[in-house]
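Notes follow the structure.
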Amino acid sequence: MHVNLYLQFLISGLTLGSIYALIALAIVTIYNITGILNMAQGEFVALGALTACTFYSAGFSLPASFLISVVIIAIVGALIERLAINPVRNASSITLIIITIGLSIIIRGLALLIWGTNPYSLPAFTQGGPLQVFGAAINPQSIWVFGLLIVTVTGLFVFMEKTYWGKAVRACVINRMAAKLMGINPDILSLMAFVISGALGAAAGVFITPITLATYDMGFALGLKGFVAAIIGGINNVGGAIIGGLLLGVLEVFGAGLISSGLKDAIALIVLIIVLLFRPQGIIGVVIGRKV
Amino acid sequence: MPRESLKYLLIAAASIGFVILPFVLESNYLLSILIIIGIYTLVVEGLGVLMGYAGQVSFGQAAFFGIGAYAVAILTTRYSWGTIPAFLAAIVLPALVAAVIGRPTLKLKEHYLALATLAIGILVHIFFNEGGELTGGPSGLTGIPYLKIGGLVFDQDYKFYYLIGVFVLLVFLGVRNLDRSRIGRSLRAIRDSEVAAEANGINSAALKLKAFVFSAFLAGLGGGIYAYYITFISPAPFNFNMSIQFVIMAVIGGLGTIWGPLLGVSLMVALGEVLRWLVPLFIPNAGGEYQIIFYGLILVLTMIFKPEGLSTGWRKKTVSDSEEQEQKKENLTVSIRR
């Protein structure tokens, strides 16, 4: 009985954790390329989810709504980079953090204006009841979420290893100045980082909506947890971000299930503070070794 | 008229204006707004030192403000402490919390303090809400006694107005002295180039920690006074949005200036009051939250177009020139001192 319960918690935790991992991936991507901690990442998730809901209820099919939403939020990411980040790209990092916080507030306010405070929903991607595995019930949507994480990570891996732009990104991560001297245009990379983050955030938002519903203020908590995941992984480490996200998701579900459900949102914050106090370089460094 | 005597004339006029204002003002509403401006100014002066001198940002100032307020509320109502010891606790407690968080995070080059303070801010707010008996939960604590200093009981708005005035003046003088002291110069050196500062033997982590603790200390001071003024507190005014508002106030007034925080707070409080009137006119079914769009816009536009803040705009040429000279002189004195 207890084993089943734990298995159930583990699966829920990994589902939630996959979403955190996706958000953390986007945060790490922007950080690695531009050196900016993008505090507005969670808002991309909320915008993506809400946009898809709107198109779906306007009669578009689910896959079409998903694609439209991803494209729109990628464009939003590009606009934000061009309008608010690029003009001040040489400013101090404190200025840039404050700007992204300001952007997140603007986006949240606009989302409130457009969508109001009511939650929106999308149907599950595949119909049918939960799958039974060793007595634990798996929501089919969870499998979609895992799938998205796997596809994203694979896609990112192929992009980084096989394409010219991927190599340019890696060069930028190792040494931004040297990359520039070798003729890599950091301007285009920065734009690309925000486009990828917008698309990733939107995808994560659409995939989680059938489970959690979509509200205008969902982005803040999700973005924060993405940050915690990224920091657990050591902020510039892609593998670390994924492990950090999954770990955080599992911790949250077990904490909420075994201790108190009121604690759920506090867990991520407590983890963040513990990591910052005792192992600010990230805890995954031990396992994986050198940073990517 | 020579500049110097004009300056003293202005200061004299301002002091007289300050003293007679409560007698001229007919409405308690305006007086209460001035008091709130004074309280926020205390908090924002501290944040201004952290941001303008140490080059760090805190997204959790409302939490330190709240810890100060709750320390007063809990100690006076639950443990029947005297009002002055509780007030001291309100100042010391946030500074202690800041020291614990700041120590490890400020040693790092990245802006981890921003994230740590963000987390602390939200955690503290959760604690106020979920603290049960101790914090009174979402409905908060009532029955905070009036502040008593000697035989003086601060039970009316005009008394508070003078009390805040004194504190703000003290903080102004303190920050001005800091600006001209060795610590102020070192902090500015760190902000301009941490590598150069370190190379000149400045321990940047220790100084940034001092600035952070100082900012929490002032936030706690503001919070303690706030609790004695309102005499009832709930978690709502100490949330993340308030922390952001403090950052906006510091930024639009001008970082690393003495008058900037007062200007920034006054503008934001005035804007808040105006928006409370205007927003329902244009968006009839609006909840209060819509104003955050304006706050976000102000923050982003200021940071892009005028990151040095508004208070530096008027006296542009002369001051920036003399500041540059001062900077050179300071650099010289720093290097001579070594």
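Brief remarks follow.
- With respect to the conditions (1) closer than 30 Å to B:Ser80 by Cβ; (2) at pLDDT 85 or above; (3) surrounded by 16 or more Cβ atoms within 10 Å (Cβ to Cβ), B:Gly136 falls short on a single one, namely (2).
- Subset of the range B:74-117 (residues that are assigned to a helix (DSSP H, G or I), open to solvent by less than 40 Å² (accessible area, probe 1.4 Å) and either among the β-branched types (Val, Ile, Thr) or within 8 Å of chain A (Cβ to nearest Cβ) (or both)): B:Ile74, B:Thr76, B:Thr83, B:Ile91, B:Ile101, B:Pro104, B:Thr105, B:Tyr112, B:Ala114, B:Leu115, B:Ala116, B:Thr117
- Scanning the range B:142-163 for residues that are among the hydroxyl-bearing types (Ser, Thr, Tyr) and modelled with pLDDT under 85 gives a single hit, B:Tyr158.
- Test for A:Pro123: is it out of contact with any helix residue (DSSP H, G or I) (no Cβ under 7 Å at 6 or more places or on another chain), in contact (Cβ under 8 Å) with a residue 12 or more places away in the chain and not hydrophobic (A, V, I, L, M, F, W, C): no
- Among the conditions (1) at pLDDT 85 or above; (2) small (Gly, Ala, Ser); (3) surrounded by fewer than 21 Cβ atoms within 10 Å (Cβ to Cβ), B:Gly201 misses just one, which is (1).
- The set of residues in the range A:115-132 that are outside any loop (DSSP other than H, G, I, E, B) and not polar (S, T, N, Q) comprises A:Trp115, A:Tyr120, A:Leu131.
- Meets criteria (at pLDDT 85 or above and among the aliphatic types (A, V, I, L, M)) for B:Val72: yes
- When A:Gln8 is tested against (1) open to solvent by less than 50 Å² (accessible area, probe 1.4 Å); (2) more than 14 Å from every other protein chain (Cβ to nearest Cβ); (3) among the polar types (S, T, N, Q), just one condition goes unmet, and that condition is (1).
- Only a single criterion out of (1) under 25 Å from B:Gly66 (Cα atoms); (2) surrounded by fewer than 20 Cβ atoms within 10 Å (Cβ to Cβ) is not satisfied by B:Ile120, namely (2).
- Meets criteria (on the phi < 0 side of the Ramachandran plot and in contact with a Gly (Cβ under 6 Å, 6 or more places away or on another chain)) for B:Thr77: yes
Okay, residues lined up against (1) closer than 19 Å to A:Ile143 by Cα; (2) polar (S, T, N, Q); (3) open to solvent by less than 10 Å² (accessible area, probe 1.4 Å):
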| position | (1), (2), (3) |
| --- | --- |
| A:Leu191 | no, no, no |
| A:Gly205 | yes, no, yes |
| A:Tyr216 | no, no, no |
| A:Leu222 | no, no, no |
| A:Lys225 | no, no, no |
| A:Ala268 | no, no, yes |
| A:Arg279 | no, no, no |
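- The number of residues in the range A:96-125 that are crowded, with 17+ Cβ neighbours inside 10 Å and either within 16 Å of B:Ile298 (Cα to Cα) or more than 7 Å from chain B (Cβ to nearest Cβ) (or both) comes to 20.
- If the condition is being touching a residue at least 60 places away in the same chain (Cβ under 8 Å) and open to solvent by less than 70 Å² (accessible area, probe 1.4 Å), then the range A:86-95 contributes only A:Asn86.
- Residue check for A:Phe60: among the aromatic types (Phe, Trp, Tyr) and either open to solvent by 60 Å² or more (accessible area, probe 1.4 Å) or within 14 Å of chain B (Cβ to nearest Cβ) (or both): yes
- Long-range neighbours under 6 Å by Cβ, at least six apart or interchain, first residue closer than 21 Å to B:Tyr79 by Cβ within the range B:143-156, second charged (D, E, K, R): B:Tyr146/B:Asp155
- Close pairs (9 angstrom Cβ cut-off, 6 or more residues apart or separate chains): in contact (Cβ under 8 Å) with a residue 60 or more places away in the chain in the range B:71-95, open to solvent by 50 Å² or more (accessible area, probe 1.4 Å) and in a helix (DSSP H, G or I) anywhere: B:Ala71/B:Val92; B:Ala71/B:Leu93; B:Ile91/B:Phe217; B:Val92/B:Phe217; B:Pro94/B:Phe217; B:Ala95/B:Phe214; B:Ala95/B:Phe217
- Only one of the numbered conditions (1) within 26 Å of A:Ile97 (Cα to Cα); (2) touching a helix residue (DSSP H, G or I) at 6+ places or on another chain (Cβ under 7 Å); (3) not acidic (Asp, Glu) is violated by A:Thr215, and that is (2).
The values are calculated or read from the model by the stated rules, or taken from the named source; none is laboratory data. Note that the structure is a prediction, hence the values are computed from the model and not measured. Here Cβ is always computed from backbone atoms with ideal geometry, including for glycine, and neighbour counts include all displayed protein chains. We work out accessible area using only protein heavy atoms, side chains counted, and drop any ligands, DNA or RNA first. Shrake-Rupley method; radii C 1.70, N 1.55, O 1.52, S 1.80 Å.
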